[in-house]
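For reference, the structure is listed below as structure tokens.
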Amino acid sequence: MRLLVCGGAGFIGSNFVRQRVGEHGDEVVVLDKLTYAGRPENLRDVEHVFVHGAIEDPAAVADALEHGVEAVVNFAAETHVDRSISGPEAFLRTQMDGTYVLLEAARERGLRYVQVSTDEVYGSIEEGSFTEASPLNPSSPYSATKTGADLLVTSYVHTYAVNASICRGSNAYGPRQYPEKLIPLMILNALHGDPLPVYGDGLQVRNWLYVEDFARGIGHVLQHGQAGAVYNVGGPDEATNLDVVRRIIALTGATEDLIEHVTDRPGHDRRYSLASDKIRALGWQAQVRFDQGLEHTVAWYRENTWWWEPIRSGEYRAYYERQYGRALG
Ligand code: NAD
Ligand code: DAU
């Protein structure tokens, strides 16, 4: 297939591009604004055409589509909940304006469209798991703007018959994830002997999904998903944040006294959990259990200092100081 992958220089998008080119022989055009989270080096070993631009810019989208594609897969988003709390504006621009511009392009050209979305649109659940029919109940500016984008996609299916599907993934982890997110942050801090900042009591639960499994699920929906359908893509294992941090301590050889309970995130969702029966019926299943994926992820960060050293010495230091009120070690 010939694909336009928006946000393909980020964590999950770059894994998806690597899979599609390497395993399916697809030709891929990547459109990416290269925010702090977008890194061309994520794709340095993958053949692709790169267009530098924002999804909310119709001229940049038109440029990218000049290359002639059959489908658009949209990963591009502002993705960090804490940043959405301190500065929501960019989230509105990218999630809402950007998704609108891409949908207009798909409508005009009759392109297949896949929106990459999140379990956070359903809000928090104490027991059981969300299905695709569960009500939408987002808590943060991040999840509210992801929900808005999903609703826009659905409206384009119903009103303009755009051939679009939505994938809602649970918490992804693995190589090349920016270290503002729990797992890479804890791995790098543990390797450096820095404090491990756990929000509140640390008993919040997340449903962990290895990034390659998520990327494969999105490819599966691209090829086999129905127009207008939503597919949950949930991980095989749930864990509390404290449990995740303790496993990382064991894998890195750090010590438990590095754990520091810090002020909780405002509006913090307690638990996410997805039922993924619908995508399983399409033939997808998660392959990587959390123990195995976490071990591999820790090993990847240990071995690939070239990837994270420039991050820890750049903008991230200032972000870390603002977020945690202390300097990075
Ligand atoms: P990321 O932050 O690592 O990467 C986002 C990418 O989008 C970056 O390359 C960035 O430069 C690009 N981007 C941001 N704004 C843009 C814009 N306006 N125009 C063009 N490019 C832009 O994110 P990720 O973790 O890889 O997430 C990818 C997608 O998957 C997002 O839509 C996110 O909501 C969704 N998702 C993420 C997770 C997770 O656990 N990380 C889980 C479920 C869903
Ligand atoms: O659930 C899918 C979502 O997962 C994606 O849509 C988001 O893009 C992605 O960022 C992620 O959101 P979370 O808020 O769940 O992930 P984060 O890594 O920020 O936090 C995971 C949990 O760890 C959460 O309960 C908050 C907690 N946490 C996080 C950080 C960064 C801490 O306790 N300490 C921290 O320093």
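The values are calculated or read from the model by the stated rules, or taken from the named source; none is laboratory data. If you're wondering where the values come from, they're calculated on a predicted model, not measured in any experiment. Heads up, the Cβs are rebuilt from the backbone with ideal geometry, glycines too, and the neighbour counts pull from every protein chain shown. Remember, those area values only see protein heavy atoms, side chains included, never the ligands or the DNA or RNA. Shrake-Rupley method; radii C 1.70, N 1.55, O 1.52, S 1.80 Å.
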For this session: Any chance you could give the angle, 0 to 90 degrees and rounded to 10, that helix 182-192 forms with the longest Cα principal axis of the chain?
Result: 40
Problem set entry | Solvent-accessible area of LEU251 with every protein chain in place, 1.4 Å probe, in Å² to the nearest 10 | 60
Problem set entry | Given 16 as the ceiling on other Cβ atoms within 10 Å, longest exposed-site-free region of the chain for trypsin sites (Lys or Arg not before Pro) in DSSP loops | 45-269
Seminar exercise, completed: So the compactness index of the chain, its C-alpha Rg divided by 2.2 N^0.38 Å, takes the value 0.95
For this session: Compare GLU70, GLU78, GLU23, GLU303 by solvent-accessible area with a 1.4 Å probe and give them largest first, with all protein chains kept in place.
Result: GLU303, GLU23, GLU70, GLU78
Exercise. To the nearest 500 deg cm²/dmol, what mean residue ellipticity at 222 nm is calculated for the chain from DSSP H runs of n ≥ 4 alone, each contributing -39,500 (n - 2.57), summed and divided by the residues?
Worked result: -12500 deg cm²/dmol
Problem set entry | Sequence ranges 186-197, 54-65, ranked by mean other-Cβ count within 10 angstrom, highest first | 186-197, 54-65
Problem set entry | Approximate spin-label separation ASN304-GLU23, in nm, with each point projected 7 Å along Cα-to-Cβ | 1.6
Problem set entry | Dipole of region 98-169, positive direction: furthest Cα of LEU152, ALA105, ASN137, with charges on the beta-carbon | ALA105
Seminar exercise, completed: Gyration tensor (Cα only) of region 60-112 to equivalent ellipsoid, semi-axes in Å sorted down, yields 26, 10, 9
For this session: Considering the options PRO310, ALA90, HIS67, tell which one lies farthest towards the positive end of the dipole of the chain, charges being +1 on Lys and Arg and -1 on Asp and Glu at the Cβ, about the Cα centre.
Result: HIS67
Problem set entry | Hydrodynamic radius (Kirkwood) for region 240-329, which is based on Cα pairs only, to one decimal in Å | 16.6
For this session: Pull up the DSSP beta bridges for the chain and report the antiparallel fraction as a percent, rounded to 5.
Result: 10
For this session: Only Lys, Arg, Asp and Glu count, each charged at its Cβ (+1, +1, -1, -1), so figure out the dipole size of the chain about its Cα centre, rounded to 20 debye.
Result: 180
